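The values are calculated or read from the model by the stated rules, or taken from the named source; none is laboratory data. The structure displayed is predicted, hence computed values, not measured ones. Ideal geometry is used to build each Cβ from the backbone, glycine not excepted, and the neighbour counts take in all protein chains shown.
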Amino acid sequence: MASPRGAFGGHVAAKGGPPGGILEFPTFKGRPGWEFTDISALDVESYSPVPAVMAACGTPSPATASLWDLPAPALPAGVTVTFEDDTTVVTVGRGVTLEAPLPLNVIVPDGTLFNQRTRVVIEDGAHGEVWEQLLSDGDCLLNIATELRVGDNASLRYVSGQNLSEDAWIFGAQHATVGRDARLDWVALGFGSRSGHVLMQTRLAGEGSEARVTGAYATHGSQHIDFDTTQEHAAPNTTSDLAFRGVLQDRSSAVWKGNIIVDPGAQKTDAFQDSRNLLISKRAHADSIPGLEIQANDVRCTHAAAVAQVDPEQLFYLRSHGIPEAEAKRLVIEGFLAALVERFEAGPVREVLAAALERRLALILG
């Protein structure tokens, strides 16, 4: 069986000992980055590898729980979507603008191991928007690698959402490089899966570049979500703004570990990261771990993190105005998530994301 690539930083060996040159599985609390996610129950050999099942620029079947339903746009000259083995490559040529979002839908069958690499290239002076959703039925293993390249004076909005079966595993390694005076707007939604670990790295490589990273997750049952984010400022006069929010029900758990890195010479860096979790069950658990590595002396880098229960005073206020308890709790949670939705301008993007969050809350709140 072919071993998965990407999410584990290379080939992964099956349990029982790797041959020479193949990495062992990460050990729970034994390897940096894996301190909070136990994968001892993962049996890679129980999954059958399958080729890519990608429906690009199309709509998933009604049987899958889609996060959104976007029409396939007509691709202008200079925009291409190609498939090579397990790799999907989207290219927006120099100076070209892709007016409508390009949907990419990954659908993983039950009992399968699915390796998927997505490469999005926005060439100099180009502008584009790509929405990729990961869906599945049943128990499966998804191993993804994502590469985003934003050229000089270019812009990309990349929306990545997973609504996998809650029996599924997901592991991901995602990396973005942003060029001079370019902008990246990256959205990550984590709703499904049993457990996993997703690494999100943003490198501001060109002077004057900007990145905004927005993440949301909503879990219940015994789900476990693990995001590990990095904002690397490798050039002067760069800006990054990261905000993650999570809502956790039942015995579910989540980890967000974030790091801002300012390389030598990256003066006038302006970086911010914020992680907030709302626990709506006494058994739910969340860890928020911000970090800073600063090697320049003229920067502004700040972070904030919070984990809290639903505020009883807010509930009391709403209930004192005749609102039933369940509805009052929902209103508090919706207000908590509203700050994320309001990061986007009024229009289709805000509406789609708000609708996806609303449907997820309806599911986990019952």
Subject >> Number of the condition not met by Gly20 [criteria: (1) modelled with pLDDT under 75; (2) within 21 Å of Ala145 (Cα to Cα)] >> reply: (2)
Subject >> From Val12, Val79, Val53, Val44, residue being closer than 25 Å to Met200 by Cα and at pLDDT 85 or above >> reply: Val44
Original post:
In the stretch 170-206, how many residues are hydroxyl-bearing (Ser, Thr, Tyr) and either farther than 25 Å from Leu67 by Cβ or without any contact (Cβ under 8 Å) to a residue 12 or more places away in the chain (or both)?
Top reply: 1
Subject >> 1 or more residues aromatic (Phe, Trp, Tyr): qualifying strands (runs of 3 or more DSSP E) within the stretch 98-190 >> reply: 112-122, 127-136, 155-163, 169-178, 183-190
Original post:
Does Leu113 satisfy the condition of being surrounded by fewer than 24 Cβ atoms within 10 Å (Cβ to Cβ) and under 30 Å from Glu207 (Cβ atoms)?
Top reply: no
Original post:
Of the residues that sit in the stretch 255-314 and are within 16 Å of Arg245 (Cβ to Cβ) and charged (D, E, K, R), which one is surrounded by the fewest Cβ atoms within 10 Å (Cβ to Cβ)?
Top reply: Asp311
Original post:
Does the stretch 179-187 contain at least one residue that is farther than 26 Å from Arg119 by Cα and either modelled with pLDDT under 95 or among the β-branched types (Val, Ile, Thr) (or both)?
Top reply: no
Original post:
Just for the stretch 216-229: of the residues that are free of Cβ contacts under 8 Å to residues at least 60 places away in the same chain and within 12 Å of the chain's Cα centre (by Cα), which one is surrounded by the fewest Cβ atoms within 10 Å (Cβ to Cβ)?
Top reply: Phe227
Subject >> Options Ile280, Ile364, Ile323: the member that is more than 20 Å from the chain's Cα centre (by Cα) and either of a type in the set (Ser, Thr, Tyr) or not assigned by TED's automatic domain parsing to the domain that holds Glu99 (or both) >> reply: Ile323
**OP:** Search the stretch 230-251 for residues being of a type outside the set (D, E, K, R) and over 18 Å from the mean Cα position of the chain (by Cα), and hand back the single one that is nearest to Phe344 (Cα to Cα).
**Re:** Thr239
Subject >> Hey, Asn153 out of contact with any helix residue (DSSP H, G or I) (no Cβ under 9 Å at 6 or more places or on another chain) and in the same structural domain as Ala284 (by TED's automatic domain parsing) or not >> reply: yes
Subject >> Extreme residue, nearest to the chain's Cα centre (by Cα), among residues of the stretch 156-212 that are surrounded by fewer than 22 Cβ atoms within 10 Å (Cβ to Cβ) and closer than 19 Å to Val341 by Cβ >> reply: Ala188
**OP:** Could you identify the single residue in Gln273, Gln249, Gln267 that is over 24 Å from Ser193 (Cβ atoms) and touching a residue at least 24 places away in the same chain (Cβ under 8 Å)?
**Re:** Gln267
Original post:
Out of the residues in the stretch 56-70 that are surrounded by 14 or more Cβ atoms within 10 Å (Cβ to Cβ) and among the hydroxyl-bearing types (Ser, Thr, Tyr), which is modelled with the highest pLDDT?
Top reply: Ser66
